[in-house]
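As C-alpha coordinates, the structure follows; a few thoughts come after it.
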Amino acid sequence: LLHSTIQFQHDKLLSVEKHAKWKNVLVKGIPERRDEDSESMVRELFYKKCKIELKESDIESVLRSGRKVVNEETGHTEPRNLVVKLANYKDKVALLNKAGMLDGTPYSLEDDKELHEEV
(Lines give C-alpha, C1' and ligand atoms only; values in the text may rest on other atoms or scores of the structure.)
Protein backbone atom coordinates (compact mmCIF):
# COMPACT_ATOMS: atom_id res chain seq x y z
CA LEU A 1 0.00 0.00 0.00
CA LEU A 2 2.82 2.42 0.86
CA HIS A 3 4.60 1.67 -2.41
CA SER A 4 1.47 2.36 -4.47
CA THR A 5 0.86 5.63 -2.58
CA ILE A 6 4.43 6.75 -3.26
CA GLN A 7 4.12 5.82 -6.94
CA PHE A 8 0.82 7.73 -7.21
CA GLN A 9 2.38 10.83 -5.60
CA HIS A 10 5.41 10.55 -7.90
CA ASP A 11 3.20 10.35 -11.00
CA LYS A 12 1.11 13.29 -9.81
CA LEU A 13 4.24 15.38 -9.20
CA LEU A 14 5.52 14.63 -12.73
CA SER A 15 2.17 15.69 -14.12
CA VAL A 16 2.31 18.99 -12.20
CA GLU A 17 5.90 19.62 -13.41
CA LYS A 18 4.91 18.90 -17.00
CA HIS A 19 1.95 21.26 -16.81
CA ALA A 20 4.07 24.00 -15.22
CA LYS A 21 6.51 23.89 -18.16
CA TRP A 22 3.83 23.52 -20.83
CA LYS A 23 4.24 27.10 -22.10
CA ASN A 24 7.97 27.56 -21.38
CA VAL A 25 10.89 27.88 -23.78
CA LEU A 26 14.62 27.98 -22.98
CA VAL A 27 16.73 30.67 -24.59
CA LYS A 28 20.46 30.01 -24.64
CA GLY A 29 23.35 32.31 -25.46
CA ILE A 30 22.16 35.74 -24.29
CA PRO A 31 25.02 37.31 -22.30
CA GLU A 32 24.35 38.16 -18.68
CA ARG A 33 24.46 41.76 -17.53
CA ARG A 34 24.40 43.12 -14.00
CA ASP A 35 21.14 45.12 -14.28
CA GLU A 36 19.63 43.29 -17.23
CA ASP A 37 16.05 43.50 -18.39
CA SER A 38 15.71 39.85 -19.43
CA GLU A 39 12.22 40.23 -20.84
CA SER A 40 13.23 43.06 -23.17
CA MET A 41 16.27 41.10 -24.31
CA VAL A 42 14.28 38.00 -25.28
CA ARG A 43 11.52 40.06 -26.92
CA GLU A 44 14.20 41.83 -29.01
CA LEU A 45 15.82 38.51 -29.96
CA PHE A 46 12.46 37.00 -30.97
CA TYR A 47 11.60 40.08 -33.05
CA LYS A 48 14.96 40.61 -34.76
CA LYS A 49 15.96 37.00 -35.39
CA CYS A 50 12.70 35.02 -35.45
CA LYS A 51 10.43 37.76 -36.87
CA ILE A 52 7.90 37.24 -34.05
CA GLU A 53 6.76 40.29 -32.12
CA LEU A 54 5.58 39.59 -28.58
CA LYS A 55 3.93 42.20 -26.40
CA GLU A 56 4.62 42.54 -22.69
CA SER A 57 1.35 40.72 -21.99
CA ASP A 58 2.54 37.73 -24.08
CA ILE A 59 5.32 36.91 -21.60
CA GLU A 60 4.51 36.04 -18.00
CA SER A 61 8.11 35.89 -16.74
CA VAL A 62 11.75 35.51 -17.76
CA LEU A 63 14.28 34.12 -15.31
CA ARG A 64 17.88 32.93 -15.45
CA SER A 65 18.23 29.23 -14.66
CA GLY A 66 21.02 27.15 -13.21
CA ARG A 67 24.40 27.79 -11.71
CA LYS A 68 27.10 29.93 -13.28
CA VAL A 69 29.66 27.85 -15.18
CA VAL A 70 33.18 29.04 -16.03
CA ASN A 71 34.60 27.95 -19.40
CA GLU A 72 37.92 26.26 -18.58
CA GLU A 73 39.53 27.30 -21.88
CA THR A 74 38.63 31.01 -21.83
CA GLY A 75 38.05 31.61 -18.12
CA HIS A 76 34.84 33.45 -18.96
CA THR A 77 31.50 32.73 -17.34
CA GLU A 78 29.04 31.09 -19.72
CA PRO A 79 25.62 32.78 -19.83
CA ARG A 80 22.93 30.85 -18.01
CA ASN A 81 19.77 29.87 -19.86
CA LEU A 82 16.72 32.08 -19.74
CA VAL A 83 13.44 30.34 -18.94
CA VAL A 84 10.66 32.22 -20.73
CA LYS A 85 7.15 31.52 -19.46
CA LEU A 86 4.74 32.51 -22.22
CA ALA A 87 1.11 33.44 -21.70
CA ASN A 88 -0.07 31.39 -24.70
CA TYR A 89 0.89 27.94 -25.91
CA LYS A 90 0.42 29.06 -29.54
CA ASP A 91 3.27 31.57 -29.08
CA LYS A 92 5.51 28.75 -27.86
CA VAL A 93 4.68 26.67 -30.95
CA ALA A 94 5.30 29.65 -33.25
CA LEU A 95 8.68 30.34 -31.63
CA LEU A 96 9.79 26.71 -31.75
CA ASN A 97 8.82 26.57 -35.44
CA LYS A 98 11.12 29.56 -36.07
CA ALA A 99 13.99 28.30 -33.87
CA GLY A 100 15.96 27.32 -36.99
CA MET A 101 16.30 31.01 -37.81
CA LEU A 102 18.81 31.20 -34.94
CA ASP A 103 21.20 28.75 -36.65
CA GLY A 104 24.54 30.42 -37.22
CA THR A 105 24.03 32.77 -34.26
CA PRO A 106 25.25 32.36 -30.68
CA TYR A 107 21.62 31.87 -29.62
CA SER A 108 19.33 28.88 -29.50
CA LEU A 109 15.74 28.21 -28.52
CA GLU A 110 14.44 24.95 -27.10
CA ASP A 111 11.34 23.47 -25.55
CA ASP A 112 11.54 23.47 -21.75
CA LYS A 113 10.74 19.85 -21.05
CA GLU A 114 13.33 18.75 -18.53
CA LEU A 115 11.08 16.03 -17.20
CA HIS A 116 12.00 12.73 -15.60
CA GLU A 117 10.74 10.36 -18.25
CA GLU A 118 9.76 6.88 -17.22
CA VAL A 119 12.22 4.39 -18.71
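What is the dipole size for the chain, taken about its Cα centre, with +1 at each Lys and Arg Cβ and -1 at each Asp and Glu Cβ, in debye to the nearest 20? Intermediate results must be reported in sequence, preceding the final value.
Numbers: 21 positive and 23 negative charges, 52 e Å.
The dipole magnitude comes to about 240 debye.
Per residue, the accessible area of segment 1-109 comes to 70 Å², computed with a 1.4 Å probe over protein heavy atoms only. May I ask for log10 I(q)/I(0) of segment 49-119 at q = 0.14, 0.18, 0.25 Å⁻¹, from a Debye sum over the Cα atoms as equal point scatterers with solvent left out? Log10 of I(q)/I(0), two decimals: -0.59, -0.90, -1.24. The angle separating the long axis of helix 2-20 from the principal Cα axis of greatest extent in the chain is about 20 degrees. Counting only heavy atoms of the protein chains and using a 1.4 Å probe, D111 has close to 50 Å² of accessible surface.
Report the accessible area of K90, computed with a 1.4 Å probe over the heavy atoms of all protein chains in place, in Å² rounded to the nearest 10. About 140 Å², rounded to the nearest 10. Simple spin-label estimate for H3 and E60 gives 3.7 nm between the two label positions (7 Å along the Cα-to-Cβ direction from each Cα).
Here are some values of Rg and Dmax of the Cα atoms in Å: (i) 14.9, 44; (ii) 15.0, 46; (iii) 16.9, 56. Which one was computed from this structure? Given (i) 14.9, 44; (ii) 15.0, 46; (iii) 16.9, 56, the calculated one carries the label (iii).
Could you sort V69, V84 by their accessible area in this structure, using a 1.4 Å probe and putting the largest first? Working shown, then result.
Numbers: V69 85, V84 0 Å².
So, going from the largest accessible area down, we get V69, V84.
The values are calculated or read from the model by the stated rules, or taken from the named source; none is laboratory data. All of these numbers come straight from a predicted model, not from anything done at the bench. We place every Cβ from the backbone using ideal geometry, glycine too, and count neighbours over all the protein chains shown. Quick note on the areas: whole protein, heavy atoms, side chains included, nothing else; ligands and nucleic acids left out. Shrake-Rupley method; radii C 1.70, N 1.55, O 1.52, S 1.80 Å.
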